[in-house]
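**Student:** To start, I am sharing the structure in question, which I have written as structure tokens.
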Amino acid sequence: MVITPAQPPNDKLPDNFDPFEHLQKIYIPQHNAIVNRYFSDLGDDWKPNIASSRSALRVACTMVDNDNQLMMSLRHHLLFDLLGYSKKNLAIFYGSSFDTALPVSGHPQLFLYFSQDSQAVPVNGKRLDHEKSCRLTRYACKSGQALPAITKANLIELAREIKTQFVEGKKGLVYTSGKIAVSYTDPANGFPRGGRWLVNSKSEAISLYQKLCNVVDRPFDLNKINVITPEKDSSTQASTQTDTILGKQYKEPAYRPVANLRFRYAYVSFGGSASPVFLIDTTFRNTALIT
């Protein structure tokens with residue numbers, strides 16, 4: 001009986017191998033899977049159309065088999081750079097962590113992020129944004145503490161309340177920022193430093209703090225509101241004045257400009273090496289507990 005030796009595996013590329021075609025077969029399904037997640041709000045049965053702005057963006061981001069290298073690059077650039085998917089779950093931090101350590105560090109910290117609509121940003125202007133936070137003093141970050149550790153069910157409940165308070169008609173609530181600085185100090189209920197909220201009117205700030213207290217299920221006390229109204233008026237974003245720094249000219253920053261800021265997303269941070277958990281995200285850039 002003659003035993004035929006096992007054939008060695010074919011570790012060579014085929015003679016007609018096309019590197020670009022191979023790359024497309026691997027890359028396009030991976031890219032389009034990310035596109036599908038990013039535009040999941042359009043539904044599983046979505047068909048290509050440009051009837052709405054979101055659908056038009058999804059068509060533009062979706063790669064097809066007959067795309068050339070330039071088209072693939074442009075679609076990738078649109079999704080990852082212009083729409084910001086590359087910033088998914090990343091946080092930009094400036095300054096020292098010692099400056100931000102709070103005396104209530106054992107409690108989870110809730111962050112709400114607001115920013116200006118892109119079409120409202122003046123040409124060559126800076127997009128305005130604001131982040132507001134408070135502590136969830138009913139819970140501990142981790143188990144084994146005097147207070148109960150926060151659970152996923154607690155976070156989902158929190159996310160739903162944020163949606164009720166800060167989302168209107170599937171879009172984030174809008175408030176008007178300005179020169180008036182309003183703070184709210186109530187350490188026992190999660191507001192240890194009373195970080196300011198720049199608004200255009202005191203009444204709007206009160207409404208925002210009331211909504212935030214409703215979210216964290218803590219009582220609101222009007223007596224703990226502090227209002228500072230500077231004599232200097234707000235300036236426009238379209239500043240014509242320039243500063244010279246290291247021989248280069250830069251536009252002077254506007255002083256507390258009046259602008260509309262929209263709620264974008266909310267997340268909870270636990271400190272240490274634990275990753276934050278996004279509760280709700282109207283930009284669809286981060287995977288959130290609820291939509």
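The values are calculated or read from the model by the stated rules, or taken from the named source; none is laboratory data. Every value quoted in this text rests on a predicted model; they were computed, and no experiment measured them. So basically every Cβ, Gly included, is an ideal-geometry build from the backbone, and we count neighbours across all protein chains shown.
**Student:** Looking at Ile156, is it in contact with a Leu (Cβ under 7 Å, 6 or more places away or on another chain) and surrounded by fewer than 16 Cβ atoms within 10 Å (Cβ to Cβ)? Lay out the reasoning, then the answer.
**Tutor:** On the way: in contact with a Leu (Cβ under 7 Å, 6 or more places away or on another chain): yes; surrounded by fewer than 16 Cβ atoms within 10 Å (Cβ to Cβ): yes.
For Ile156, the condition - in contact with a Leu (Cβ under 7 Å, 6 or more places away or on another chain) and surrounded by fewer than 16 Cβ atoms within 10 Å (Cβ to Cβ) - is met.
**Student:** If Asp44 passes every condition in (1) assigned to a loop (DSSP other than H, G, I, E, B); (2) at pLDDT 90 or above but one, which one does it miss?
**Tutor:** Of (1) assigned to a loop (DSSP other than H, G, I, E, B); (2) at pLDDT 90 or above, only one is false for Asp44: (2).
**Student:** Report, by residue number, each residue of the range 169-182 that is under 23 Å from the mean Cα position of the chain (by Cα) and either over 30 Å from Phe284 (Cβ atoms) or assigned to a strand (DSSP E or B) (or both).
**Tutor:** Quick first cut of the range 169-182, residues under 23 Å from the mean Cα position of the chain (by Cα) only: 169-178.
Across the range 169-182, the qualifying residues are Lys171, Gly172, Val174, Tyr175, Thr176, Ser177.
Per-residue answers, yes or no, for (1) loosely packed, with under 13 Cβ neighbours inside 10 Å; (2) within 20 Å of Thr283 (Cβ to Cβ); (3) of a type in the set (Gly, Ala, Ser); (4) at pLDDT below 85:
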| residue | (1), (2), (3), (4) |
| --- | --- |
| Ala91 | yes, yes, yes, yes |
| Asp99 | yes, no, no, yes |
| Leu136 | no, no, no, no |
| Ala140 | no, no, yes, no |
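**Student:** Which residue pairs have Cβ atoms under 8 Å apart, sit 6 or more places apart or on different chains, and have a first residue in the range 153-172 that is closer than 22 Å to Ala205 by Cβ and in contact (Cβ under 8 Å) with a residue 60 or more places away in the chain and a second that is among the basic types (Lys, Arg) and assigned to a strand (DSSP E or B)?
**Tutor:** Partner pairs satisfying both residue conditions: Lys171/Arg262; Gly172/Arg262; Gly172/Arg264.
Matching residues to (1) more than 17 Å from Ser115 (Cα to Cα); (2) free of Cβ contacts under 8 Å to residues at least 40 places away in the same chain:
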| residue | (1), (2) |
| --- | --- |
| Val215 | yes, no |
| Leu222 | yes, yes |
| Glu231 | yes, yes |
| Ser235 | yes, yes |
| Gln241 | yes, yes |
| Tyr250 | yes, yes |
| Tyr265 | no, no |
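**Student:** Mind checking which residues of the range 53-67 are in contact with a helix residue (DSSP H, G or I) (Cβ under 9 Å, 6 or more places away or on another chain) and either buried (at least 17 other Cβ atoms within 10 Å of the Cβ) or not hydrophobic (A, V, I, L, M, F, W, C) (or both)?
**Tutor:** Across the range 53-67, the qualifying residues are Arg54, Ser55, Leu57, Arg58, Cys61, Thr62, Met63, Asp65, Asp67.
**Student:** Select the strands (runs of 3 or more DSSP E) contained entirely in the range 208-291, then report the ones holding at least 2 residues which are hydrophobic (A, V, I, L, M, F, W, C). Give the steps one after another, and end with the answer.
**Tutor:** Details: elements: 225-228, 242-245, 248-251, 259-269, 277-281.
So the answer is 225-228, 259-269, 277-281.
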